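Asker: I'd like to ask you about the structure that follows.
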Amino acid sequence: MQGTLTGLVLDTSTHEGDLYVKLAGITDNGKRGVTWIHSVKFSGPRVPAQVPAIGTPVMVDCVATREVFTVRGQQASRVRIHGKSLVVMTRPVETAQHGKVLFLKGATNRFVFDAHLVQGALTKPTKAGKVVEARLAVKDKRGTLHYFKSEAWRDAGEVLGRMRSGGEGTFECILRRDKVGEKAFDVMEVMGVTPRSRPAQAAPAQVRTQVQAAPVRELAAVGR
């Protein structure tokens, strides 16, 4: 799942040769905006030669995957963001302070991928309007399926709501992390979806059974 993030560097750390860069941003979603903090993992040759300073605005090309792990004997999952490249942004940027955290305003948080619905989309009424939820399956280059929870509002919700189980399409999403109590859930908020029609199956060829006419036996008149 290919993506692009722009944000302010909130923190950096290293572990076993990998570099983790934590980014903070606010992305417009047509409502109140999505305020997010995501950690990006850089490994091997993709580790930047120079670690950016805290507060630096950067742009990251990345790939999102679903990781499954066990916590206290129970299976859990999260979205892991793998960095491909990191570039320091030189243009002027706007920031916003929330508590002790400084966020990049107008940040890019965009993931585009092809996926299919594991089940039919489900529409739920809320105080903010109708929301459409669906579980999406994305196949990586090795053929492994990654599953993502998604939701859509307004026009994108109308399109997603008409899709059925197995329906395929191209999705453009914002990656959110919602917290409910002590638990956190990763959600792909669908901003746009282009359904892909399945190729029509050729109608089975009609088998024509040629019925051979029974021979007509002429009856000779028998004179007496």
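Asker: Farthest toward the dipole's positive end in the chain, which of Cys173, Val88, Gly73, given Cβ charges of +1 (Lys, Arg) and -1 (Asp, Glu) about the Cα centre?
Answerer: Gly73
Asker: Another one. Taking θ = phi - 60°, what integer Hz values does the Karplus form 6.51 cos²θ - 1.76 cosθ + 1.60 yield along the range 166-171, in sequence order, with x for Gly and Pro?
Answerer: x, x, 10, x, 9, 10
Asker: Taking the Cβ of Gly55 as the centre, find all other residues whose Cβ is under 15 Å away and add up their charges (Lys, Arg: +1; Asp, Glu: -1).
Answerer: Values: positive: Lys22, Lys100, Lys105; negative: Asp11, Glu94.
Within the 15 Å Cβ shell, the charges total +1.
Asker: Amide H to amide H under 5 Å from Asn29: which residues, 5+ apart in sequence or cross-chain, H placed 1.01 Å off N in plane?
Answerer: Val34
Asker: Given all pairs of different Cα atoms, what value in angstroms does the Kirkwood hydrodynamic radius of the range 100-180 take?
Answerer: Value: 14.1 Å, from the Cα pair sum.
Asker: Rg and Dmax in Å for the chain, alpha carbons only: what are they?
Answerer: My reading of the Cα-based Rg and Dmax gives 27.7, 124 Å.
Asker: Determine the dipole magnitude for the chain: charges of +1 sit on the beta-carbon of Lys and Arg, -1 on that of Asp and Glu, nothing else is charged, the reference point is the Cα centre, and the result goes in debye to the nearest 20. If you can, show how the numbers build up before the last one.
Answerer: Numbers: 34 positive and 20 negative charges, 124 e Å.
In debye, rounded to 20, the chain gives about 600.
Asker: Pairs of Cα atoms under 8 Å, at least six residues apart: use those to get the relative contact order of the chain, whole percent.
Answerer: Values: 485 pairs, mean separation 37.0, N = 224.
Worked out over the chain, it gives 17 percent.
Asker: Assuming R0 = 45 Å, what is the FRET efficiency of Thr14 and Arg154, from their Cβ-Cβ distance, to the nearest 0.05?
Answerer: Efficiency, rounded to the nearest 0.05: 0.60.
Asker: Hey, another quick one. Whole number please: convex hull volume per residue of the Cα set in the range 1-131, in Å³?
Answerer: Output value, Cα hull per residue: 175 Å³.
Asker: Find, to one decimal place in angstroms, the Kirkwood hydrodynamic radius of the range 1-66, where the mean of 1/r is taken over every pair of different Cα atoms and then inverted.
Answerer: Kirkwood hydrodynamic radius for the range 1-66: 12.7 Å.
Asker: Here is a further query. Work out the length of the dipole vector of the range 1-101 about its Cα centre, built from +1 on the beta-carbon of each Lys and Arg and -1 on the beta-carbon of each Asp and Glu, and round it to the nearest 20 debye.
Answerer: Details: 12 positive and 7 negative charges, 57 e Å.
It works out to roughly 280 debye.
Quick note: the coordinates plus some simple rules give every number you see, no bench work behind them. Please read these numbers as outputs of a predicted model, since none were measured by experiment. All Cβ positions, glycine included, derive from the backbone under ideal geometry; neighbour counts span all protein chains shown.
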